[in-house]
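Everything on this sheet refers to the single structure shown next.
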Amino acid sequence: MKIRTKIHLFSTLLMFVILILTNTGVYFLFEKMAYDTEREQLQSQVKELTASFSKMTAQNDPAVIIRAHLPDNGAISVAGQRLGSGEATTLLKDYTPTITNDSYTVEKVNGTSVLSVSSPVIWNNGDVVQLDMMQLLVNVDRNLMALKLVLAGVTLLAMLPVVFSSIGLSRIVINPIEKLIATMSQSRKSGTYEKIQMSVDRKDEMAQMALTFNEMMEQLEQNYKQQEQFVSNASHELKTPLTVIESYARLLTRRGFDNRDVAEEAVGAILSESVRMKSMIEQLLQLAKNDELATFQFEETDLFDQIEKTVKPMRQAYARQFDFEGIKDSIVTTDSERFRQLLYIFLDNARKYSDDLVKITLQDEGDSYAIAITDYGNGIPQEALPHVFNRFYRVEEDRNRKTGGTGLGLAIAKQLADGLGAGLKMESISGMGTTVRITIPKRLDSH
Ligand code: ADP
């Protein structure tokens, strides 16, 4: 069953039950009040009659007394005598009320309600006999019937707005959901990232839902495009070393077995391309892994020690001058492993793209620590600076210079910095050198 039908059914049924319950309550309350008024009246009449009977002597004719007290449209039955007035004369001719515990009863006789009150009286011969006084409740019946009709009419009338409001309500709630379903199935069928069209002035939860859905679709589309771009870039980049390897291998088969020089050149090239390809694949895996933020492990650590630990092996490995100056006991909460990885990327670039000294400084900047890595190499042209953090981006000359780079290092650095909540800034003057600034927040929650 559709939600729309469910809403209609549920709200209509609920309202119907509420109306029926209240109207039934109203009806029975009114009926009780009407019967009580009539009963009190009849009871006082019975009282007067019993008082008259108590004064009765053997000479008095009981029929005269009875007639004097006969109610309109009613009857009195006592000691085998029965007198009636109006319609009651014939209607109640053979009727005997069944009075149980209370001294009164209301019963239907031929469709008309009859109220009967009974009381014991002392008869003129000293016997105690039962007196029944009965009255037709014609007016009360008429009023109750009118009330029934009015209440039924009110119930039906009140149901109209309920039905209309349930239609309106379902329209407000269901229409956007139906739109959402239609958009989703359209997206699935066409393989595109469709968005829901919404009127701009709607500000409720449904508009919020559509907005969130549209944002989600946009993000999915963006992610998909990025992935697509990445895969096409990666395969393109991997194709270059593979083409080199293939052509050298062919050269080797053709001429390498007779010519040692050719063989050496081919094997050398194959080796260096394989090494480059291996490092590229490692970096690609690294990029994929860094996407999972959950793998970051934050702990208190001393930045000074971490920098020292990263710089020292580089000095030895490359026999280059790395000068480090900074304040000791620089405690931060970070993932030290990832921080050193980040630092390594910048140090390695500084080394790769310069021949002179590399300077590293560590400064306290209040909420955070700032690390600056400066080299005095080629620098990066101004127009290239905004792109260096993109995947596979390499400055044109470096591409040709065969430094063996992959263009993935800085993309990984950006991803690591995002995960660590660190800031990155790169300044460079072509021909003069480059400075990279990393800001690490002292506390985790300040990023
Ligand atoms: P790569 O593997 O090519 O070094 P990166 O992502 O680390 O890839 O760097 C992207 C490009 O930015 C490099 O190819 C290089 O052209 C340029 N670059 C990065 N760091 C420096 C630097 N310190 N000095 C000069 N150029 C740099």
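Things to note:
- Matching residues in region 368-380 - criterion: being hydroxyl-bearing (Ser, Thr, Tyr) and within 18 Å of Arg315 (Cβ to Cβ): Thr374, Tyr376
- From Tyr35, Tyr104, Tyr95, residue being under 60 Å from the mean Cα position of the chain (by Cα) and not basic (Lys, Arg): Tyr35
- Residues satisfying the stated conditions in region 121-155, i.e. free of Cβ contacts under 8 Å to residues at least 60 places away in the same chain, within 24 Å of Thr57 (Cα to Cα) and either basic (Lys, Arg) or loosely packed, with under 12 Cβ neighbours inside 10 Å (or both): Gly126, Asp127, Val128
- Extreme residue, nearest to Met314 (Cα to Cα), among residues of region 335-367 that are within 13 Å of the ligand (Cβ to nearest atom) and small (Gly, Ala, Ser): Ala350
Let's see how each residue does on (1) farther than 30 Å from Arg276 by Cβ; (2) part of a helix (DSSP H, G or I); (3) outside the structural domain of Leu285 (by TED's automatic domain parsing); (4) without any contact (Cβ under 8 Å) to a residue 24 or more places away in the chain:
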| position | (1), (2), (3), (4) |
| --- | --- |
| Ile181 | yes, yes, yes, yes |
| Phe213 | yes, yes, no, no |
| Leu220 | yes, yes, no, no |
| Val231 | no, yes, no, yes |
| Ala234 | no, yes, no, no |
| Leu242 | no, yes, no, no |
| Arg250 | no, yes, no, yes |
| Arg254 | no, yes, no, yes |
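- For region 422-432, filtering for residues that are buried (at least 20 other Cβ atoms within 10 Å of the Cβ) and more than 9 Å from the ligand (Cβ to nearest atom) leaves 1.
- Checked against the criterion of being farther than 25 Å from Asp418 by Cα and surrounded by 12 or more Cβ atoms within 10 Å (Cβ to Cβ), the candidates Tyr344, Tyr318, Tyr353 yield just one match: Tyr318.
- Search result, residues across region 191-211 that are surrounded by 15 or more Cβ atoms within 10 Å (Cβ to Cβ) and either at positive phi or not in a helix (DSSP H, G or I) (or both): Tyr193, Glu194, Lys195, Ile196, Met198
- Among the residues making up region 374-389, those that are more than 8 Å from the ligand (Cβ to nearest atom) and either surrounded by 17 or more Cβ atoms within 10 Å (Cβ to Cβ) or closer than 16 Å to Asp323 by Cβ (or both) are Thr374, Tyr376.
- Answer from Lys47, Lys93 - the residue that is exposed (fewer than 11 other Cβ atoms within 10 Å of the Cβ) and either farther than 24 Å from Asn143 by Cα or not assigned by TED's automatic domain parsing to the domain that holds Asn125 (or both): Lys93
- Taking strands (runs of 3 or more DSSP E) as the structural unit, those lying wholly within region 1-110 and holding at least 1 residues that are more than 29 Å from Leu151 (Cβ to Cβ) correspond to 74-78, 81-84.
- Cβ-Cβ distances below 6 Å connect the following pairs, each with a first residue in region 347-368 that is touching a residue at least 40 places away in the same chain (Cβ under 8 Å), a second residue that is part of a strand (DSSP E or B) and among the hydrophobic types (A, V, I, L, M, F, W, C), and a separation of six or more residues or different chains: Ala350/Val358; Ala350/Ile373; Ile360/Phe324; Ile360/Ile373; Leu362/Ile371; Ser368/Ile440.
The values are calculated or read from the model by the stated rules, or taken from the named source; none is laboratory data. If you're wondering where the values come from, they're calculated on a predicted model, not measured in any experiment. Cβ: placed from backbone, ideal geometry, glycine included. Neighbour counts: every protein chain shown.
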